[in-house]
Amino acid sequence: MRLDGLEIFVVAPPPPGWGGRYWIFVKLTTDDGIAGYGECYASTVGPPAMKAIIEDVFTRHMAGESPENIEMMFRRAYSAGFTQRPDLSVMGAFSGLEMACWDILGKARNRPVWALLGGLVNRRIRSYTYLYPLPGQDMDRFWVDPDMAAEAAAARMAEGFTAVKFDPAGPYTVHGGHQPAMSDISRSVAFCHAIREAVGDRVDLLFGTHGQFTTAGAIRLGRELEPFNPLWFEEPVPPDNLLEFAEVARQVRIPVATGERLTTKAEFATVLRTGGARILQPALGRVGGIWEAKKIAAIAEVFNAEMAPHLYAGPVEWAANVHLAASIPNLCMVETIERGGDFHLALIGHSIEWDRGFIAPPEGPGLGIDFDEDLARRHPWKGDRLHLEMQEEPCNYAEGNRFAGGAPPAVPPVASGKG
């Protein structure tokens, strides 16, 4: 059995587009006719350039190889061009291709991927969702209105969720770390207060920041949030400041979580060694794939750290997250787009079950999904923007800041995106 063919789908989810402007899926086929699917969570270049990278990684390092030889193919891609260091775009390409290899291997053996990763540890996988507007809520006002967020949190609690994530401390700027405006701190405190009042002790609060603060700024904000006892303080400083996470962790009495924008065990190991985070959030479509994430989970065990796979992408990465989660003992929870996401679930034939806040590991072979190629082709991405974007305007200390969670609008945003 050898890897023989590659097809790439760049899919635009319909409005409201939770999960990003587009999703990049790959399909690998073997010389004996088995097909496997993966997803690349990489947004540093546009889809045409990313497709070229995916094609190059496949042709150069994987074509003609057995899909079993995942470790060897990883070493080729990781070392290519005399690098041997984390590379977001190359690892993003490889990650999706690697997922497809696992899908193929499971189908060839008629076993789910989790069975190939050491077997089933978690029969019910705790999930959380980012807070998105409810039907009838004002889409623009929602992101800055604590009462609306509290209403949405209560609705998610009624559905069965035991954790919700929100990030009212924008903006997300290209300028790197900045001090939060006092209005951002006040809004963040108001969100935590309103949501905690709405859900009591039945739901954990997950506070996101998307890495926009200086170390001192993150500490200022984090200390104000402590009375509400969030389960985590997500990515408080920019991801290129790996050593600074540790200072935030020392100064703030909320567990630090990070990982959406990190890739490979090398970067996660740095965060663990320094005590920068004890909740790791790899995006499996960027981190190096399922096997690399399994290694990160094993390293995390040594540091008594937990895994919470991140999702702001499509349903194939979600499926990969679920299989990893099913197989590891140090699972915290996995991110889910609402209860699975209408378009997400349609793309995989409603083949993953979400019930009252938990996900059941798929029993079907491979990733256990039924990817709908026709539906994917009916929703091609035709734009020229990136999956997620950050604003160029700096933090506004005079008039305050507004931001749009989830998929940014079609016009240039005041601030953008959720991750």
Inset, instruction - Residue by residue through segment 179-208, note down the ones that are farther than 16 Å from Tyr130 by Cα, among the charged types (D, E, K, R) and not in a helix (DSSP H, G or I). - result: Asp201, Arg202
Legend entry - Where Arg123 falls short, out of the listed (1) in a loop (DSSP other than H, G, I, E, B); (2) touching a residue at least 12 places away in the same chain (Cβ under 8 Å); (3) farther than 25 Å from Ala326 by Cα: (3)
Legend entry - Candidate set: segment 213-239, residues that are among the small types (Gly, Ala, Ser) and under 23 Å from the mean Cα position of the chain (by Cα); chosen: the one farthest from Glu260 (Cα to Cα): Gly222
Legend entry - Sole residue being in contact with a helix residue (DSSP H, G or I) (Cβ under 8 Å, 6 or more places away or on another chain) and within 22 Å of Tyr78 (Cβ to Cβ), chosen from Leu280, Leu311, Leu331, Leu345: Leu280
Legend entry - Unmet criterion (only one of (1) touching a Leu at 6+ places or on another chain (Cβ under 6 Å); (2) over 26 Å from Phe166 (Cα atoms); (3) crowded, with 18+ Cβ neighbours inside 10 Å) for Met307: (2)
Inset, instruction - Give just the number: which of (1) over 30 Å from Glu39 (Cα atoms); (2) part of a helix (DSSP H, G or I) does Ala269 not satisfy? - result: (1)
Inset, instruction - Might you check whether a residue that is farther than 22 Å from Tyr41 by Cα and in the same structural domain as Pro180 (by TED's automatic domain parsing) occurs anywhere in segment 280-298? - result: yes
Inset, instruction - Report whether or not His387 is crowded, with 16+ Cβ neighbours inside 10 Å, in contact with a Gly (Cβ under 8 Å, 6 or more places away or on another chain) and not aliphatic (A, V, I, L, M). - result: yes
Legend entry - Flag if His210 is more than 20 Å from the chain's Cα centre (by Cα) and either within 26 Å of Phe161 (Cβ to Cβ) or not β-branched (Val, Ile, Thr) (or both): no
Inset, instruction - Residue by residue through segment 199-237, note down the ones that are small (Gly, Ala, Ser) and surrounded by fewer than 21 Cβ atoms within 10 Å (Cβ to Cβ). - result: Gly200, Ala216
Legend entry - Boolean, Ala150 is within 25 Å of Trp232 (Cα to Cα) and part of a helix (DSSP H, G or I): yes
Legend entry - Of residues in segment 354-384 being of a type in the set (Gly, Ala, Ser) and in a strand (DSSP E or B), the one surrounded by the fewest Cβ atoms within 10 Å (Cβ to Cβ): Ala360
Inset, instruction - Might you let me know whether segment 289-301 holds any residue that is touching a Phe, Trp or Tyr at 6+ places or on another chain (Cβ under 7 Å) and closer than 20 Å to Leu231 by Cα? - result: no
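The values are calculated or read from the model by the stated rules, or taken from the named source; none is laboratory data. Because the structure is a prediction, the values reported are computed rather than measured. Every residue, glycine among them, receives a Cβ derived from its backbone with ideal geometry; neighbour counts consider all protein chains shown.
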